[in-house]
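Chemist: Pasting in a structure now, in structure tokens, and then I'll have a few things to ask.
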Amino acid sequence: MPKQVNWLEQMQAVVGPKGFTISGDDMAPWLTDWRGRYTGAAAAMVSPGTTQETSEILKIANDNGVAIVPQGGNSGMVGGATPDSSGHSVLLSLRRMNRIRAIQADDQLVVCDAGVILQNLHEALASHGQRFPLTLGGKGSATVGGLVSTNAGGTQVLRHGTMRSLVAGIEAVLPDGSILDGLSALKKDNRGYDLKQLFVGGEGTLGIVTGATLKTVPALVDRCVAWAAVDSTDAAYQLFRFLNSRTPHALEGFEIIPATCLNSVLRHIPGTRQPLEGTYPWHVLIEIIRDQPDSEDPRMVAENLLAKAIERNLIENATLAANEQQAEDFWKIRDSIAEAERASGPALQHDISVPVPGMARFINEASPVIEARFPGTKVAAFGHMGDGNVHFHVKAPEGITAQEWMEDLGKQITPLVHDLVIAAGGSISAEHGIGQNKRTELERISSDARLSMLRAIKMAIDPNNIMNPGKLVPLASSHSGS
Ligand SMILES: Cc1cc2nc3c(=O)[nH]c(=O)nc-3n(C[C@H](O)[C@H](O)[C@H](O)COP(=O)(O)OP(=O)(O)OC[C@H]3O[C@@H](n4cnc5c(N)ncnc54)[C@H](O)[C@@H]3O)c2cc1C
């Protein structure tokens, strides 16, 4: 056990009563992950209000060997923000650090605290004629620090890239309490390694991100959102190529949705309606945008291209959102899939990527392999087809107990899915990260070179292993919290 009395009191003195609790009731909502798969325990939840306070907390933790679990909105998908069950760690919440420090619209930059919620950032930028071109279903909870730390993706990666390409600067507190001030947005900076990028996708294992300078783009002038039905994943990919090659700067979203996911949303999410009459095996959500007043009208572009796609037999049926409300309704269907799938019963979620041209084939070949090997299971693959990234969910057979599913079948299915992904030249984590959920699998499938670099970086920056132990990096011996 760490020497509790002193360090807890010291931490409380740093953040004051507003930023400190040891109450089980206060902490309970933050000790289980969004998917409800992991529940941990913590000695305290500490919520610093400033970078300086964060620095003092980390110094106390480092001096006393106390494990720190950083947390933003707790919307992560891999248990990265959930402590272990020892009750020895401190949950460090960034939610009080929620100030947008500066919007520099002319330079297309925004500087903000790590605890700013994505949706609030979107709203603040809109009033300055700017937007942050990253969005995802968890935008009402996900924070800038969490998005940075998971290198989040979402539905606009096609045009703007993942968080990695949207971060211009980082302010971070290292495990010993020192502050790395890298907020300055330099176009050119050749002082060796790009240190800020270590924190992008670092999952809180190297330090705490306290602030970030993010790139923004002009607010949309207009957009056209379309819903199309296709008869196969191949047709969806051909449609993607067709649209992408003709709208190089305007295709911003291309999401594939199987009929099973659409039906599950219609069943579980109030206020959703079927976008197209008829029954089709696959659906595609398309967004074409205009962000310069003199560019082509996106509605005309979409009408024209979709008509041609129908002539080429790429599409079975399609409709354009008649207005902004309908556009939002179409996106609500897409953004609610994770929630609807969670409500529709146990499933194993695999956030995987393969090279973009190989995704249709991967879905076609991997799904029957899994369903044949594990009778009664059903695959539902949906998501960011234009990025070569789908969420490959395997649903449990009817009547199986949660224990049999997770402990027995689940342990056989996930490695098989991952082996198929690796054979297709892909990655077992496209955008959700590794957390505690995929750490063993990362170790199993990674080369010695990858593992030794991951371990060397971790141990160089956090030699006492206080930062989010048990997450991401498969160390030879994990921190025990004592
Ligand atoms: C409905 C829904 C849809 C989603 N869709 C997508 C999607 O399309 N694409 C996608 O990429 N993700 C998606 N997500 C997952 C999630 O929103 C992202 O992973 C997001 O980046 C997590 O942000 P958060 O603030 O909630 O982080 P948390 O869940 O609190 O933490 C995530 C990880 O980051 C670490 N961390 C958090 N804040 C900091 C910090 N300041 N410094 C250091 N480490 C920190 C934590 O320790 C943890 O390891 C979705 C989630 C939901 C609920």
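Chemist: Among (1) at pLDDT 95 or above; (2) open to solvent by less than 20 Å² (accessible area, probe 1.4 Å), which single condition is Pro368 missing?
Modeler: The failed condition is (2).
Chemist: Hey, another quick one. Within the stretch 422-440, which residues are within 16 Å of Val473 (Cα to Cα) and in a loop (DSSP other than H, G, I, E, B)?
Modeler: Ile428, Ser429, His432, Gly433, Ile434, Gly435, Gln436, Asn437, Lys438
Chemist: Within the stretch 211-236, can you find the residues that are open to solvent by less than 50 Å² (accessible area, probe 1.4 Å), farther than 20 Å from Gly153 by Cα and part of a loop (DSSP other than H, G, I, E, B)?
Modeler: Within the stretch 211-236, Ser232 is the sole residue that qualifies.
Chemist: Still on this structure, I have one more. Just one of His249, His283 is in a strand (DSSP E or B) and not hydrophobic (A, V, I, L, M, F, W, C); which is it? Talk me through it step by step, then tell me what you get.
Modeler: Details: His249 fails: in a strand (DSSP E or B).
Answer to the check: His283.
Chemist: Would you confirm whether any residue within the stretch 392-411 is farther than 21 Å from Arg241 by Cα, assigned to a helix (DSSP H, G or I), among the β-branched types (Val, Ile, Thr) and open to solvent by 20 Å² or more (accessible area, probe 1.4 Å)? Talk me through it step by step, then tell me what you get.
Modeler: Residues of the stretch 392-411 that are farther than 21 Å from Arg241 by Cα, as a first pass: 392-411.
Checking the rest, the ones that are also assigned to a helix (DSSP H, G or I) come to 402-411.
Narrowing the set further to residues that are among the β-branched types (Val, Ile, Thr) leaves none.
Within the stretch 392-411 (the criterion being farther than 21 Å from Arg241 by Cα, assigned to a helix (DSSP H, G or I), among the β-branched types (Val, Ile, Thr) and open to solvent by 20 Å² or more (accessible area, probe 1.4 Å)), the answer is no, since none of the residues qualifies.
Chemist: Moving on to the next point. Out of everything in the stretch 164-210 that is in a strand (DSSP E or B) and of a type in the set (Asp, Glu), what residue ends up being nearest to the chain's Cα centre (by Cα)? Outline the logic, then answer.
Modeler: Pass one, the stretch 164-210, residues in a strand (DSSP E or B): 167-173, 179-182, 208-210.
Then keep just the ones that are of a type in the set (Asp, Glu); that gives 171, 181.
Details: Glu171: 21, Asp181: 25 Å.
Looking at the filtered set, the residue picked out is Glu171.
Chemist: Just to check your reading of the model, which residue among Leu180, Leu251, Leu206, Leu195 is within 16 Å of the ligand (Cβ to nearest atom), buried (at least 22 other Cβ atoms within 10 Å of the Cβ) and aliphatic (A, V, I, L, M)? Talk me through it step by step, then tell me what you get.
Modeler: Numbers: Leu180 fails: buried (at least 22 other Cβ atoms within 10 Å of the Cβ); Leu251 fails: within 16 Å of the ligand (Cβ to nearest atom); Leu195 fails: buried (at least 22 other Cβ atoms within 10 Å of the Cβ).
Residue meeting the stated conditions: Leu206.
Chemist: Among the residues of the stretch 254-264 satisfying the criterion of being in contact with a Ser or Thr (Cβ under 8 Å, 6 or more places away or on another chain) and hydrophobic (A, V, I, L, M, F, W, C), which is surrounded by the fewest Cβ atoms within 10 Å (Cβ to Cβ)? Walk me through it before giving the result.
Modeler: Filtering the stretch 254-264 for residues in contact with a Ser or Thr (Cβ under 8 Å, 6 or more places away or on another chain) gives 255-256, 259, 264.
Within this subset, residues satisfying the condition of being hydrophobic (A, V, I, L, M, F, W, C) are 256, 259.
Working: Ile256: 26, Ala259: 14.
Going through the qualifying residues, I end up with Ala259.
Chemist: Further question: Being closer than 30 Å to Lys471 by Cα and either touching a strand residue (DSSP E or B) at 6+ places or on another chain (Cβ under 8 Å) or of a type in the set (A, V, I, L, M, F, W, C) (or both) narrows it down to one of Ala219, Ala235, Ala212, so name that one. Reasoning before the result, please.
Modeler: Values: Ala219 fails: closer than 30 Å to Lys471 by Cα; Ala235 fails: closer than 30 Å to Lys471 by Cα.
Just one listed residue meets the conditions, Ala212.
Chemist: Return yes when Ala380 is crowded, with 21+ Cβ neighbours inside 10 Å and touching a Cys at 6+ places or on another chain (Cβ under 8 Å) and no when it is not.
Modeler: Details: crowded, with 21+ Cβ neighbours inside 10 Å: yes; touching a Cys at 6+ places or on another chain (Cβ under 8 Å): yes.
Answer is yes for this residue.
Chemist: In the set Arg267, Arg241, which member is open to solvent by 30 Å² or more (accessible area, probe 1.4 Å), of a type outside the set (A, V, I, L, M, F, W, C), modelled with pLDDT of 95 or more and within 28 Å of Ser295 (Cβ to Cβ)? Show your work before the answer.
Modeler: Working: Arg267 fails: within 28 Å of Ser295 (Cβ to Cβ).
Result: Arg241 is the single residue among Arg267, Arg241 that is open to solvent by 30 Å² or more (accessible area, probe 1.4 Å), of a type outside the set (A, V, I, L, M, F, W, C), modelled with pLDDT of 95 or more and within 28 Å of Ser295 (Cβ to Cβ).
The values are calculated or read from the model by the stated rules, or taken from the named source; none is laboratory data. Please read all numbers here as calculations on a predicted model, not as lab measurements. Cβ coordinates were reconstructed from backbone atoms using ideal geometry, including for glycine residues, and neighbour counts include every protein chain displayed. Accessible surface areas use protein heavy atoms only, side chains included; no ligands, DNA or RNA. Shrake-Rupley method; radii C 1.70, N 1.55, O 1.52, S 1.80 Å.
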